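Quick notes on the structure that follows.
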Amino acid sequence: ETPIAILSALAEEQEGLLEHLQDARRVDHGGRVFWTGRLQGLPVVLALSRIGKVAAATTATGLITHFGASRVLFTGVAGGVGPGVQVGDVVVGSHYVQHDMDASPLFPRYEIPLCGQALFAADPPLLATACEAFNRVQPALRTARYPAKLHTGLIASGDRFVSSTAEVSALLGALASSDYCPLAVEMEGAAAAQVCADYGVPFVAMRTISDRADDTAHVDFPQFVRETASLYARAFVLEMLDLL
Ligand code: ADE
């Protein structure tokens, strides 16, 4: 029975799931802590990548090559940059782009050199299941403060914590020149998506919006991670596993 991998960047995004893990066994590999066990009766392996594209890529590689993960599900938080993508909403990524990739003029802006593509797509069945899972838990998560709206679309990843409106404008302007309109920015998804594409392993990411990547992002982000991220990740993943 091959496990389903649940990958998160931060401990707060994982801790709610760890509490539910049955037959939990800790395995240290490649400088990362992994937990194998069962959730909702299914074999899973939980991993913390830590932050950034390289960290996410090596962790995703370990999940696939060392743990034999058959599917990779990323859960975590992101900065909302699309219109109407507010704190407490959720973005499920249909596609992923690395916004800091630029080998132009040798290759088109954003294209992964010698890979022939800039965008990596989520696995369609996993994407559909992720949206269905979120819709089912949404009524339980929504509050007066956070309506918890679901958005599906492009997620842009890069090794930058985006924390000013000027930076968001520059990022969106450059991406729009290549016809890319991301809903959210984070620092791991597109790297994990690239690794999964290389290995032919289905991938999807769900991101709760912790901040608007603007001048208050550095305040909103830690507060949201502390108070809310775990709640969303646990509700979403348990529902998702029920549907798989
Ligand atoms: N993850 C959560 N918020 C983020 C931001 N503003 N920039 C990059 N990654 C993030």
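I'd like the full set of residues that are within 16 Å of the ligand (Cβ to nearest atom), farther than 18 Å from Trp35 by Cβ, part of a strand (DSSP E or B) and not small (Gly, Ala, Ser), limited to the stretch 63-105. If you could, list the steps in order and put the result at the bottom.
As a first pass, look at the stretch 63-105 and keep what is within 16 Å of the ligand (Cβ to nearest atom): 74-82, 85-93, 96-101.
Now narrow it down to the ones that are farther than 18 Å from Trp35 by Cβ: 77-82, 85-93, 96-101.
Still in the list and also part of a strand (DSSP E or B): 77-80, 90-93, 96-98.
Result: Val77, Val90, Val91, Val92, Tyr96, Val97, Gln98.
Of the residues making up the stretch 196-208, one or more are under 19 Å from Leu73 (Cα atoms), within 13 Å of the ligand (Cβ to nearest atom) and polar (S, T, N, Q).
Of the helices (runs of 4 or more DSSP H) lying entirely inside the stretch 153-227, those carrying at least 1 residues that are in contact with a strand residue (DSSP E or B) (Cβ under 6 Å, 6 or more places away or on another chain) and in contact (Cβ under 8 Å) with a residue 24 or more places away in the chain are 189-199, 217-224. Can you confirm whether Pro108 is part of a loop (DSSP other than H, G, I, E, B) and over 18 Å from the mean Cα position of the chain (by Cα)? Judged against the criteria, Pro108 is a match.
Residues that are crowded, with 24+ Cβ neighbours inside 10 Å, out of contact with any helix residue (DSSP H, G or I) (no Cβ under 8 Å at 6 or more places or on another chain), more than 20 Å from Ser94 (Cα to Cα) and at pLDDT 95 or above do not occur anywhere in the stretch 1-19. Taken together, Asp198, Asp214, Asp159 contain a single residue that is surrounded by fewer than 23 Cβ atoms within 10 Å (Cβ to Cβ), acidic (Asp, Glu) and touching an Asp or Glu at 6+ places or on another chain (Cβ under 7 Å), which is Asp159. The number of residues in the stretch 218-243 that are within 16 Å of the ligand (Cβ to nearest atom) and crowded, with 24+ Cβ neighbours inside 10 Å comes to 3.
The values are calculated or read from the model by the stated rules, or taken from the named source; none is laboratory data. What you are looking at is a predicted structure, and each value in this text was computed from that prediction instead of being measured. Cβ sites come from the backbone with ideal geometry, for glycine too, and all protein chains shown count toward neighbours.
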